[in-house]
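Here is the structure we will look at.
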Amino acid sequence: MREPGPGGRFGEFGGRFVPESLVPACAELEAAFTAAWADAAFRAELDGLLASYAGRPTPVTECKRLSERLGVRVLLKREDLTHTGSHKINNVLGQALLARRMGKSRLIAETGAGQHGVAAATAAALLGLSCEVYMGEVDTARQELNVFRMRLLGAEVHPVSSGSRTLKDAVNEALRDWVASVETTHYCIGSVMGPHPYPWLVRELQRVVGDEARRQCRQLLGGADPDVVVACVGGGSNAAGTFAGFVDTAAVLVGVEAAGGAAMGRGVPGVVHGMRSQFLQDEAGQILEAESISAGLDYPGVGPEHAHLGAIGRARYVSAEDGDVLEAFKLLAETEGIIPALEPAHALAWVTAAARTEIPAGSVVLVTLSGRGDKDVAQVMAMLG
Amino acid sequence: MSAAAPGVPGGRLESALRARRDGGAKLLVPYLTGGLGPDWLEYVRAVAAAGADAIEIGIPFSDPVMDGPVIQRASADALAGGVTPAGVLAGLAHAEVSVPLVVMTYYNLVARGGHVRTAHQLADAGVAGAILPDLPLDEATDWLATAASAGVDAVLLAAPTTPDDRLDAICEASRGFLYAVGLLGVTGERDRLAGSATRLAARCTARTDLPVLVGVGISSADQAREVCRVADGVVIGSALVRRILGGAGPDEAAEFVAGVRRALDA
Ligand SMILES: Cc1ncc(COP(=O)(O)O)c(C=O)c1O
């Protein structure tokens, strides 16, 4: 997983397909990130926050009882244990520091499940920036607590009532804000998507997940790497960060999408939200609405580097159905005492099924547990009745 | 940054607009959402007859990120009514208006259809130009060349944030006209003309003899006249579409356009 170069390309995917008003801002961000990422002081400040504020490194947990049940050895990379409860904090701390470095005092963000919105509001509060979050009305309803959390953190939440009223429409609305506010505002995108440099920038900020996990696995496995590395894929940031640590090992990389939002599985190439990637769309090119129990995976597109990794066959993309996700959610709670977020429960659902069919018994499977399930408990309670 | 087709002259849209501009007229390009209501072509004809120099037809897209609430709603209504890009083009092929038609849509529809196929479909429907606000210069090389060879003028946009060297390159590559986005923001009416509109128009007219039209935020005949002290013309969208969404028939829509025409000619 290399640098995408000035055109922001991962193979045929990526690019910078934005209105002219945003082109200079994207170029400025690219230059600022390139300089910051090579600046030891910036890296030290970020690493300091990741350690003392976000709680890194997160552990890798060996799942004894789940492994016994499944017949494969399951390790979890515990992003659920970070401050704010998901991997999203890794990205926002980096982007908030970058915004400050660029002299931008206002952050805007889109959010689906609300985890990225909460993380962005948190980073903004920490650094004294203002923050406004766009969130589809369907999601403000099913993730009410996260809306309240964002408001507690001092952020303004704008419910979005256009289109499918989920993540895709929140991105549209954030882009519309940014077109008007670009001179003072940094758009803090929550995943490895959007125009160049975002897919690269967010992957680099998330690679701490994969880099740590690789070291931790080697320690645990006597120098060996896992056989299979699995992560859920919405836009694809926890998966990209995880894969970045293992792409040059022999591990099989597997991204798990929601069946109702499987842009890798059922999408075709297109250009939306600033990037050429895979999208669910009709014959004419109208974007279709994704549908999933998990607000964080309810997106009809996917980050361009995943489209590339899929096209060259380095990673495999599969999907999980809502019902199986709920089963996996309960299974992890009952066997390991860990309540996962619904998003990584997709990764667990695939492992559960694949352990019976295609993963050789005894294989070591690393799953990125991208977040904890607190935000989903009320929704799951309603569904399980 | 390079012009895809340096030296290739503009087509029918550009020559019509240049001729009008060189004859001393200020250019008026109203925007209508394609497929908005069963009688949308009546609006196209009425607006053409009311003094438009060209008409911009929006082909509705599911995710119009450069559009504000009015055009978003018009697009959503048209899509809910079952409109497709092919349906809009089929309508335009029978529009029988004497002024050039230029479509405005989002790049995914062109990417999905393919550059060559889309450019020929546009040409076959009698469309003279195309505006794709999410396809900036750096990504437009192939589209500029393909559109030019099909005889479709690919119009590029300039923004208040565009630096001078980039503006030079955009001016060189754009065909038909130069679309100067008058403010930082999405389409929609504003109480006052943005200062950025006149400033950008002046920067553009100083470096190109392409017709320079200001669009986004132009809301009234007065604002149109004001910006045309510097610009060659205006695109008026939301102010017209809002009236149509509010129930204005083709005659009332035409009366609004005629009012802007009178202001520009005064
Ligand atoms: C816990 C968790 N995991 C995963 C995702 C999906 O995002 P990504 O694919 O970028 O990791 C989300 C998004 O809201 C999330 O909250």
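Within the range A:297-308, is there a residue that is more than 11 Å from the ligand (Cβ to nearest atom), under 17 Å from residue A:8 (Cα atoms), among the hydrophobic types (A, V, I, L, M, F, W, C) and in the same structural domain as residue A:380 (by TED's automatic domain parsing)? Scanning the range A:297-308 turns up at least one residue that is more than 11 Å from the ligand (Cβ to nearest atom), under 17 Å from residue A:8 (Cα atoms), among the hydrophobic types (A, V, I, L, M, F, W, C) and in the same structural domain as residue A:380 (by TED's automatic domain parsing).
Within the range A:230-246, can one find any residue that is part of a helix (DSSP H, G or I), closer than 22 Å to residue A:124 by Cα and in contact with a helix residue (DSSP H, G or I) (Cβ under 9 Å, 6 or more places away or on another chain)? Yes: one or more hits. The set of residues from the range A:5-20 being modelled with pLDDT under 95 and facing another protein chain (nearest Cβ under 10 Å) comprises A:6, A:7.
The set of residues from the range A:234-250 being crowded, with 23+ Cβ neighbours inside 10 Å and among the small types (Gly, Ala, Ser) comprises A:234, A:235, A:236, A:237, A:239, A:240, A:241, A:245.
Restricting the first member to the range B:20-38 and to residues that are over 17 Å from residue B:234 (Cβ atoms), and the second to residues that are buried (at least 24 other Cβ atoms within 10 Å of the Cβ) and among the hydroxyl-bearing types (Ser, Thr, Tyr), the beta-carbon pairs closer than 9 Å and six or more apart or on different chains are B:33/B:75; B:34/B:105; B:36/B:43; B:36/B:75; B:37/B:43. The set of residues from the range A:179-207 being part of a helix (DSSP H, G or I), in contact (Cβ under 8 Å) with a residue 24 or more places away in the chain and surrounded by fewer than 24 Cβ atoms within 10 Å (Cβ to Cβ) comprises A:181, A:204, A:207. For the criterion of being surrounded by fewer than 21 Cβ atoms within 10 Å (Cβ to Cβ) and touching a strand residue (DSSP E or B) at 6+ places or on another chain (Cβ under 9 Å), residue B:51 passes. Residue by residue through the range A:255-266, note down the ones that are surrounded by fewer than 24 Cβ atoms within 10 Å (Cβ to Cβ), within 16 Å of the ligand (Cβ to nearest atom) and either under 20 Å from residue A:11 (Cα atoms) or outside the structural domain of residue A:305 (by TED's automatic domain parsing) (or both). Scanning the range A:255-266 gives a single hit, A:265. Residues in the range A:113-146 that are closer than 16 Å to residue A:91 by Cα, among the polar types (S, T, N, Q) and at pLDDT below 95: A:115 only. The residues in the range B:57-111 that are facing chain A (nearest Cβ under 10 Å) and in contact (Cβ under 8 Å) with a residue 60 or more places away in the chain can be counted, and the count is 6.
Among the residues of the range A:218-262, the ones that are farther than 17 Å from residue A:369 by Cα and among the hydroxyl-bearing types (Ser, Thr, Tyr) come to 1 in all.
Could you check the range B:127-179 and list, in sequence order, the residues that are of a type in the set (S, T, N, Q) and within 12 Å of another protein chain (Cβ to nearest Cβ)? Correct list: B:141, B:161, B:162, B:174.
Screening the range A:313-346 for residues that are among the hydroxyl-bearing types (Ser, Thr, Tyr) and within 16 Å of the ligand (Cβ to nearest atom) and picking the one that is nearest to residue A:376 (Cα to Cα) gives A:319. Specify which of the listed residues (A:69, A:78) is touching a helix residue (DSSP H, G or I) at 6+ places or on another chain (Cβ under 8 Å) and either surrounded by 19 or more Cβ atoms within 10 Å (Cβ to Cβ) or not acidic (Asp, Glu) (or both). Residue meeting the stated conditions: A:69. So, in the range A:147-167, how many residues would count as being part of a helix (DSSP H, G or I) and either of a type in the set (Asp, Glu) or modelled with pLDDT of 95 or more (or both)? Summing the residues that are part of a helix (DSSP H, G or I) and either of a type in the set (Asp, Glu) or modelled with pLDDT of 95 or more (or both) in the range A:147-167 gives 6.
The values are calculated or read from the model by the stated rules, or taken from the named source; none is laboratory data. What you see is a predicted model, and the numbers here were worked out from it, not measured in a lab. Cβ atoms come from the backbone with ideal geometry, glycine included; neighbour counts cover every protein chain shown.
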